[in-house]
Amino acid sequence: LVVSILELGGVKIAKDDVVRDDPTNNVPDTIFSKLGMQLHRRNQHPIGILKNAIYEYFDTNFSTKFDKFDELCPLVSVKQNFDDVLVPADHVSRSYNDTYYVDSQTVLRCHTSAHQAELLREGHTHFLVTGDVYRRDSIDSTHYPVFHQMEGFRVFSPDEWEPSGLDATSYAAEDLKKCLEGLARHLFGAVEMRWIDTYFPFTNPSFELEIYFKENWLEVLGCGVTEQEILRRNGRPDNVAWAFGLGLERLAMVLFDIPDIRLFWSNDERFISQFCSGQLGIKFKPFSKYPPCYKDMSFWINESFTENNLCEVIRGVAGDLVEEVSLIDNFTNKKGMTSHCYRIAYRSMERSLTDEEINDLQWNVREQVLNKLNVVLR
Ligand code: PHE
């Protein structure tokens, strides 16, 4: 019996205990193996380089120092991940379809906001939290079930907003937008950006910042003025605050011209060696333009079918060789049976795949999809 022991933030986790013993556990091996990799703490890796560049912006532009955390354990309680940031009991993000549960009370954090409450209670008023976050999702070039976020949080006291003549919320919202626009200029120079009004349970008002990239508006961060309830519960009833959570992969893809999110996990020297500590300007030169290979698969779904489950099964077989899974046909017959046809794009970032290899993969995928999802192949 091989039991791998992982030490995370001082907590030791035995892989077999975590993964096998609890029926409420939905963390597959592909995800488990990412725990503790800490790409954000490698100074030569694009994610680490970007983290350091953002640190630099906060260090040079604010008189109050931001406390920095990048080693907080990604295993958190349901309370930390959801309750503490006011996520309603029936919110979809709590579902087993969206979040990885280690057991019924413990999740792989789905955002760095999971640490807001504890850090506030510890007395921090200006802080940045960087870490790996985990979300069940479908597969394409900008989505991966593990990615990295940086949370920013800033508390204001009445003597900061009172002289402005603005109400506390407007003051914080303005300061937040100025701060993040400044950050975008620090990282990108001139770049087209826009603010979108949105909803988060933990902020009001809430905004998203989008950046124009390769003919698309790319969402790079969520932010807003912290709900007063969070401050009140954590010892700051007389303050206001703003918070943001930014996706490091999305930003790094734009900054370094990285075409596919899987590359961040590559150990290929031809990827790794292109980046240098402290250098933001480097543009990635792709070393692989190997063609993708497409395989289609049609089946009758049942009520419990979800695309996230399908993607996880496919990733379980094909790992990072799967580039995209897309629904290309969907119909319901007279008997009420629904058929889905999915197209799977296989492509390695590192080498060309042989027909034989892809056929084997597709064969295994079909078998696993049948066994694990109880669908009926057509
Ligand atoms: N936690 C949000 C997310 O993951 C981002 C966010 C952080 C939004 C802080 C508002 C404030 O998408």
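The values are calculated or read from the model by the stated rules, or taken from the named source; none is laboratory data. Everything numeric in this text was worked out from a predicted model, so none of it was measured. Cβ sites come from the backbone with ideal geometry, for glycine too, and all protein chains shown count toward neighbours.
Please state which one of Leu251, Leu263 is within 28 Å of Ser138 (Cβ to Cβ), out of contact with any Leu (no Cβ under 7 Å at 6 or more places or on another chain), in contact (Cβ under 8 Å) with a residue 24 or more places away in the chain and part of a helix (DSSP H, G or I). Can you show your working first?
Working: Leu251 fails: out of contact with any Leu (no Cβ under 7 Å at 6 or more places or on another chain).
Answer to the check: Leu263.
I need the helices (runs of 4 or more DSSP H) fully contained in segment 71-185, keeping only those with at least 2 residues that are out of contact with any helix residue (DSSP H, G or I) (no Cβ under 8 Å at 6 or more places or on another chain). Give the steps one after another, and end with the answer.
Working: elements: 78-81, 116-121, 158-161.
In segment 71-185, 116-121 are the helices (runs of 4 or more DSSP H) which contain 2 or more residues that are out of contact with any helix residue (DSSP H, G or I) (no Cβ under 8 Å at 6 or more places or on another chain).
Does any residue of segment 341-359 turn out to be in contact (Cβ under 8 Å) with a residue 60 or more places away in the chain, closer than 21 Å to His143 by Cα and touching a Lys or Arg at 6+ places or on another chain (Cβ under 9 Å)?
Checked against the condition, which is being in contact (Cβ under 8 Å) with a residue 60 or more places away in the chain, closer than 21 Å to His143 by Cα and touching a Lys or Arg at 6+ places or on another chain (Cβ under 9 Å), segment 341-359 yields at least one hit.
Which ones in segment 305-354 are assigned to a strand (DSSP E or B) and buried (at least 16 other Cβ atoms within 10 Å of the Cβ)? Show your work before the answer.
Step one: list which residues in segment 305-354 are assigned to a strand (DSSP E or B), which gives 322-332, 338-346.
Within segment 305-354, Val322, Glu323, Glu324, Val325, Ser339, His340, Tyr342, Ile344, Ala345, Tyr346 qualify.
Here are some residues: Arg185, Arg136. Which one is within 15 Å of the ligand (Cβ to nearest atom) and basic (Lys, Arg)?
Numbers: Arg185 fails: within 15 Å of the ligand (Cβ to nearest atom).
Among Arg185, Arg136, only Arg136 is within 15 Å of the ligand (Cβ to nearest atom) and basic (Lys, Arg).
Report whether or not Ser206 is assigned to a strand (DSSP E or B) and closer than 30 Å to His340 by Cα.
Numbers: assigned to a strand (DSSP E or B): yes; closer than 30 Å to His340 by Cα: no.
Here the answer is no, as Ser206 does not meet what is asked.
Would you check which residues across segment 80-116 are without any contact (Cβ under 8 Å) to a residue 12 or more places away in the chain and more than 16 Å from the ligand (Cβ to nearest atom) and list them? Can you show your working first?
Step one: filter segment 80-116 for residues without any contact (Cβ under 8 Å) to a residue 12 or more places away in the chain, giving 83, 89-90, 92, 95.
Matches in segment 80-116: Ala89, Asp90.
Could you please give the count of residues in segment 240-260 that are within 16 Å of the ligand (Cβ to nearest atom), touching a helix residue (DSSP H, G or I) at 6+ places or on another chain (Cβ under 8 Å) and modelled with pLDDT under 95?
Count: 1.
Check off (1) more than 28 Å from Arg343 (Cβ to Cβ); (2) more than 14 Å from the ligand (Cβ to nearest atom) for Leu119 and give me the number that stays unchecked.
All conditions pass for Leu119, except number (2).
Could you run through segment 194-225 and say how many residues are in contact (Cβ under 8 Å) with a residue 24 or more places away in the chain, more than 10 Å from the ligand (Cβ to nearest atom) and in contact with a Lys or Arg (Cβ under 8 Å, 6 or more places away or on another chain)?
Count: 3.
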